[in-house]
Amino acid sequence: MTIQRPASRSPRLNQITHESHSKLDALVKAHAPFETRASFARFVVAQYLFQSELVALYNDAQLTALIFDLPARCRAEAAKADLADLHTEVPAPVAGAVKNPTQAEALGWLFVSEGSKLGAAFLIKRAVALGMNETFGARHLAEPAGGRAAGWKSFTRTLDNLPFTEQQEAEADKGALDAFNRFTVLLEQAYATELA
C-alpha cells in the first residue's frame, strides 16, 4: 500500500465536486434566499441543520490534533443565533446525518464546510440588503477571525500535506461528495416545510 502526499488533493476535491457544487448553486438560486427575510430564514434553517450535523467532527480530538483551531471554525452556534434573530424555531434533526466517518471521510466533509466560507463573502453582501449582517441574522456568513482566504489556505495546506493511502483518498472524495449531497437534501427540506 503506497502512501501518497499529492499536493493536488484540494484541487482534486474541487474538481470532483464541481458538478455537485454547480447543481447546489443553481438550487440555492432557484429558492431565492435573498428575495425576502422569510426565504432567507429557510436558507439559515438549512445552514443550521448542516452545521449542527458537523459539530462532532469539528470537536473530534483526532481531527483537532491535525487542525488546532477546528472547534472555533464551527458555525452551528452562529446559525442558531441567526435563527433566533429571524424569529425562526430551531429545526429538528433530519434523518441521514453523517455518522462515524473515517478520518479521511470526515476531512472531505470539512473541506466542503470550510470551502463554503469563501462563497459566504458574496452571500453576506446580499444579506445586508435584507437588513442583516455579521452580528444579526447572518452571523454564520461572517468573515472568520484572520480572514477567509487565510483560514482556507491554512486548512487546505494541512489537508494537502497529510499522507493518505489510496483508500483514504477515495474516502476523502466520498466525504466531499456526500457533504454536497447532504446539504442539497437539507436545503430541499428547509424550503419544503412550513416554518413556524
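How far is the Cα center of the range 21-83 from the Cα center of the range 94-113, in Å? Here the two parts' Cα centres lie 13 Å apart.
Rounded, prolate or oblate for the range 1-116? Axes are the square roots of the Cα gyration tensor eigenvalues, ordered a ≥ b ≥ c, and the cut-off for rounded is a/c under 1.5. Oblate is the answer for the range 1-116, as a/c is 1.5 or above yet b/c matches or exceeds a/b. Highest mean first, the peptides 30-42, 75-87 sorted by other C-beta atoms within 10 Å per residue fall in the order 75-87, 30-42. Within the straight-line cut-off of under 14 Å between alpha carbons, the aspartates and glutamates reachable from Lys29 are Glu188, sequence neighbours fewer than 8 places apart in one chain being disregarded. The 3J(HN,Hα) values that the Karplus relation (6.51, -1.76, 1.60; θ = phi - 60°) gives for the range 38-55 are, in residue order, 4, 5, 5, 4, 5, 4, 5, 4, 4, 4, 5, 4, 5, 5, 5, 6, 9, 3 Hz. Gly and Pro appear as x. One chain, two ends: Gln167 and Asn59. Fully extended at 0.36 nm per residue, the span grows by 36.5 nm beyond their Cα-Cα distance. Using only the Cα atoms of the range 14-80, build the gyration tensor, take square roots of its eigenvalues as a ≥ b ≥ c, and label the shape rounded, prolate or oblate: rounded if a/c is under 1.5, else prolate if a/b is larger than b/c, else oblate. It is oblate, given that a/c is not under 1.5 and a/b is not larger than b/c.
Here the 3J(HN,Hα) profile of the range 179-186, calculated from phi with Karplus coefficients 6.51, -1.76 and 1.60 at θ = phi - 60°, is 5, 5, 4, 5, 4, 4, 4, 5 Hz, Gly and Pro shown as x.
Readers should treat all values here as calculations from the given coordinates under stated rules, not as data from a laboratory. Keep in mind it's a predicted model, so treat the numbers as computed, not measured. Please note: Cβ atoms are built from the backbone with ideal geometry, for glycine as well, and neighbour counts cover all protein chains shown.
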